[in-house]
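Below is one structure; the comments refer to it alone.
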Amino acid sequence: MTMDAQSPPVRVLVFGAALRAGSTNARLASLASDLIAETGAEVDLARMRDFDMPLYDGDVEDSEGLPAGALALCERIKRCDAFVISSPEYNASVPGLLKNAIDWVSRVRPQPFKTKHAMLVSSSPSMIGGNRGLWALRVPLEHLGTRVYPDMFSLPRAYEAFTEDGRLAHSGSQERLADTLCGFMRLVRADVEFVCLRRRWYEFPGDRTDAPVTHRSED
């Protein structure tokens, strides 16, 4: 996976959404970060332990503001052009730890998740690789305005899926992960490089108006 070396580097935050030191999602996040770095991007590899925070409590927010962990995650998201989450699947859904972090960060204004590109990956000892959890994770992120990449990657039987050097034991899985990340990074780079493309609003198809030219359709 390579990109144009003359283009400015894209910044990508990558983190595994599990606390356990030996988590296969941490290993998958590390592998994803290596593959993304091969595209010429700047990678910020993080752990969920970097973002320690209590359960969301509106009274705590009113009296003390956002916790340090939530503010740290918010700043890391703001500094990136895109992020990749490697998430475990808990009871066929999103881990409470990750959902809680999203809920806290969503309280920041302006909304840091809005218009950020995201790719979701997972690993699991199950045969479906945590895929159900990723579908559930899309819901809050897309609700907050994140541009979640359509393709996702799920790694089944994760306890036997990695080689000693951190790659995937099955060559087809390694190739599929690399190809999916490559497609994602091409989309992110296109958005970063062509941010100055201008669009006009039209009330009806074919109509021309005097509406102002904007840099992004969201503005």
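According to the Cα gyration tensor, what semi-axes, each the square root of 5 times an eigenvalue, does the equivalent ellipsoid of the chain have, listed from largest to smallest in whole Å?
On the way: eigenvalues 176, 117, 51 Å².
Square roots of five times the eigenvalues give 30, 24, 16 Å.
Helix check for the chain. Which DSSP H runs span at least 15 Å along their own axis by Cα, with a mean Kyte-Doolittle hydropathy no less than -1.0?
Flagged H segments are 24-37, 68-79, 131-143, 171-193.
On the Cα set of the range 123-188, report Rg and Dmax in Å, please.
For the range 123-188, the Cα radius of gyration and maximum Cα-Cα distance read 13.3, 39 Å.
Per-residue accessible area for I128 at 1.4 Å probe radius, Å² rounded to 10?
Rounded to the nearest 10, that gives 80 Å².
Say R0 is 25 Å: what FRET efficiency, to the nearest 0.05, do A21 and E42 get from their beta-carbon distance? Intermediate results must be reported in sequence, preceding the final value.
Working: r = 26 Å, r/R0 = 1.02.
Given R0 = 25 Å and the Cβ-Cβ separation, E is 0.45.
Where nothing but the Cβ of Lys and Arg (+1) and of Asp and Glu (-1) is charged, how large is the charge dipole of the range 49-114 around its Cα centre, in debye to the nearest 20? If you can, show how the numbers build up before the last one.
Values: 8 positive and 11 negative charges, 77 e Å.
In debye, rounded to 20, the range 49-114 gives about 380.
What dipole magnitude, in Debye to the nearest 20, does the range 33-82 give about its Cα centre under +1 on Lys/Arg Cβ and -1 on Asp/Glu Cβ?
Values: 5 positive and 13 negative charges, 38 e Å.
That gives a dipole near 180 debye.
Not counting ligands, DNA or RNA, and with a 1.4 Å probe, what is K78's accessible surface area in Å² rounded to the nearest 10?
Here the residue's solvent-accessible area equals roughly 90 Å².
Between R76, R157, R109, find the one with the highest GNM mean-square fluctuation for the chain; connect C-alpha pairs within less than 10 Å.
R109
Counting only protein chains, not ligands or nucleic acids, how are H117, H170, H143 ordered by accessible area (probe 1.4 Å), most first? Before the final figure, lay out the partial values.
Details: H117 10, H170 120, H143 155 Å².
Highest to lowest solvent-accessible surface, that is H143, H170, H117.
Volume per residue, Å³, of the convex hull around the alpha-carbon atoms of the range 57-151? Don't jump to the answer; show the numbers that get you there.
Details: hull volume 9.1 nm³, N = 95.
In the range 57-151, the Cα hull volume divided by residue count equals 95 Å³.
Given the DSSP H assignment, sum -39500 (n - 2.57) over each helix run of at least 4 residues in the chain and divide by its residue total; what's the result at 222 nm in deg cm²/dmol, nearest 500? Walk me through the numbers on the way to the answer.
Details: 6 runs with 79 residues, N = 219.
Value at 222 nm, helices only: -11500 deg cm²/dmol.
Could you pull the Cα extents of the range 14-79 along its three principal axes, largest to smallest, in whole Å?
45, 27, 12
What figure, in Å² to the nearest 10, do you get for the accessible area of C182 with a 1.4 Å probe and non-protein molecules left out?
Counting only protein heavy atoms, C182 exposes about 20 Å² to solvent.
Length gain on complete extension for the stretch R176 to D50, per 0.36 nm per residue less the alpha carbon to alpha carbon distance? Don't skip to the answer; put the middle values down first.
On the way: separation 126, 0.36 × 126 = 45.36 nm, distance 2.92 nm.
Computed gain between R176 and D50 is 42.4 nm.
Residues of the range 51-167: accessible area per residue at 1.4 Å, in Å²? Spell out each step's value before the answer.
Working: 5600 Å² over 117 residues.
So the range 51-167 comes to 48 Å² accessible per residue, rounded to a whole number.
The values are calculated or read from the model by the stated rules, or taken from the named source; none is laboratory data. In this text the structure is predicted, and so the values were computed from the model without any measurement. Quick reminder, even Gly has a Cβ in these numbers, built from the backbone with ideal geometry, and neighbours come from all protein chains shown. Calculation scope for accessible area: heavy atoms of the full protein, side chains included, ligands and nucleic acids excluded. Shrake-Rupley method; radii C 1.70, N 1.55, O 1.52, S 1.80 Å.
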